[in-house]
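Notes follow once the structure below has been shown.
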Amino acid sequence: MPARCRLIGFGESPPALRVEDFELPRAGPGEVELRMLAAPINPADLNVIQGTYGELPHLPATMGNEGCGVIVACGKGCDLQVGQMVLPLSGGAWAEAMVVPVEAVVLLPAGLDPFQAAMLAVNPATAWLMIHKFQSLMRGSWIVQNAANSGVGRAVIGIARHLGLRTLNVVRRPELVEELLGLGGDVVVTEEIDFRKEVESLCGGARPVLALNAVGGASALNLANALADGGFHVTYGAMGRQPLKIPNGLLIFRDLQFRGFWLRRWRDTTPVPEVHALYQALAELLQAGLFKTPVGPVYPLSQVARAVEEASSRNQSGKVMLDFSCAESPADGRIKP
Ligand SMILES: NC(=O)c1ccc[n+]([C@@H]2O[C@H](COP(=O)([O-])OP(=O)(O)OC[C@H]3O[C@@H](n4cnc5c(N)ncnc54)[C@H](OP(=O)(O)O)[C@@H]3O)[C@@H](O)[C@H]2O)c1
């Protein structure tokens, strides 16, 4: 029987996770059975475990907001083929197997790295949509973002470069500056920068028209101070756990537009073919090497509690991943460091 990771209560120490075997139903008409390959542990998963996410499941619930798998059986009426790699969009990705409706899987091009494919559905999509949804950006327009080393931030750098946009990137660790410049970030600075004084010299006399905020607090305000009049400031994460405090003048005299973005809302309100089209386009960009998320320690499903603990306390690059192809627990818990 396959195994899955269930959340049985909210709260973080220790996380209330249970790995259990379960009876997998056969794929019925219009359904496919997947063998899952890999799944990341994202900040949103940690927030669900803590009970602080924007939408919480009824418990017990199978964890995991994204991952990738391979089709092992097709129910009647499915035109997909066994062996194809897919993204399930149904949630519950921390499982060795699942049965999902065919309209909830996106076909991936052959040859994608399963770990990278497993991280396609959330962060690159968020980056793409935030770049396209709020402002009509022209070639050469500047985007400013914090948490630039995050999965979303790296995808923003790659996609922006592909579109001829420029990025002003803020990181909290100086050792990341060179690395993100190497990935194609136009300017990379640390959190100590004061954009009120420096933004125009950093951007060659221009100002960003779009700010992407995943931190909050003083960092979010610094991004706002960098924006051109009428610019959009989009909050999509709260890694610093500090609220936004916006001076009145930024609204009155500078006409800044403060908005939020939540991928879940986009998925829930967008026609299925449009959702699939975006993921297929992103899969091609991934295959073309436009963005890549560093992989951190990799754990088998049996060690998911340790993996979650590591993801919660991690202060280095690299997503903590689950690898479903390894059923055995290595002695130290991790498959790969
Ligand atoms: N709204 C949405 O639909 C949506 C979709 C996707 C992601 N998100 C959110 O976007 C954020 C990033 O997600 P991800 O998966 O891309 O992240 P990730 O790859 O796991 O990286 C986390 C990032 O947060 C930074 N960070 C952590 N704590 C911080 C702090 N106290 N102050 C400043 N920076 C801090 C880290 O800095 P270092 O680089 O120095 O380690 C790292 O760059 C999360 O808040 C996530 O929930 C939201």
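None of the figures in this text is laboratory data; all of them are computed from the coordinates on show. Computed from a predicted model, the values in this text were never measured in an experiment. Neighbour counts are summed over all protein chains in view; Cβ atoms, including those assigned to glycine, are modelled from backbone coordinates with ideal geometry.
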Seminar exercise, completed: Given the candidates 277, 294, 251, the one whose Cα lies deepest towards the positive end of the charge dipole of the stretch 245-294, counting +1 at each Lys or Arg C-beta and -1 at each Asp or Glu C-beta, is 251
Problem set entry | Relative contact order for the chain, counting Cα pairs under 8 Å that sit 6 or more residues apart, in percent | 16 percent
For this session: Using only Cα atoms, find the angle between the long axis of helix 272-287 and the longest principal axis of the chain, and express it within 0 to 90 degrees, rounded to the nearest 10.
Result: 80 degrees
Exercise. Tell me, what is the percent relative contact order of the stretch 178-301, built from C-alpha pairs under 8 Å that lie six or more residues apart?
Worked result: 17 percent
Exercise. For residue 8 and residue 81, what is the calculated FRET efficiency with R₀ set at 30 Å and r taken between the beta-carbons, to the nearest 0.05?
Worked result: 0.25
Seminar exercise, completed: Partnerless cysteines (no other Cys beta carbon under 4.7 Å) identified across the chain are 5, 68, 203, 326
Exercise. In nm, to one decimal, how far is the residue 264 label point from the residue 242 one, both placed 7 Å along Cα→Cβ?
Worked result: 2.6 nm
Problem set entry | the chain - convex hull of alpha carbons, volume per residue in Å³ | 137 Å³
Exercise. Please state the relative contact order of the stretch 73-113 as a whole percent: Cα pairs under 8 Å, 6+ residues apart?
Worked result: 42 percent
For this session: Work out how much length residue 113 to residue 90 would gain on full extension: take 0.36 nm times their residue separation and subtract the Cα-Cα distance, in nm to one decimal.
Result: 6.2 nm
Seminar exercise, completed: Computed, not fitted: 222 nm per-residue ellipticity of the chain from DSSP H runs ≥ 4 (each -39500 (n - 2.57)), nearest 500, equal to -8500 deg cm²/dmol
Exercise. From the square roots a ≥ b ≥ c of the eigenvalues of the alpha-carbon gyration tensor of the stretch 123-264, which class results: rounded (a/c under 1.5), prolate (a/b over b/c), or oblate?
Worked result: rounded
For this session: Determine, from the Cβ-Cβ distance of residue 316 and residue 132 and an R0 of 41 Å, the FRET efficiency 1/(1 + (r/R0)^6), rounded to the nearest 0.05.
Result: 0.85
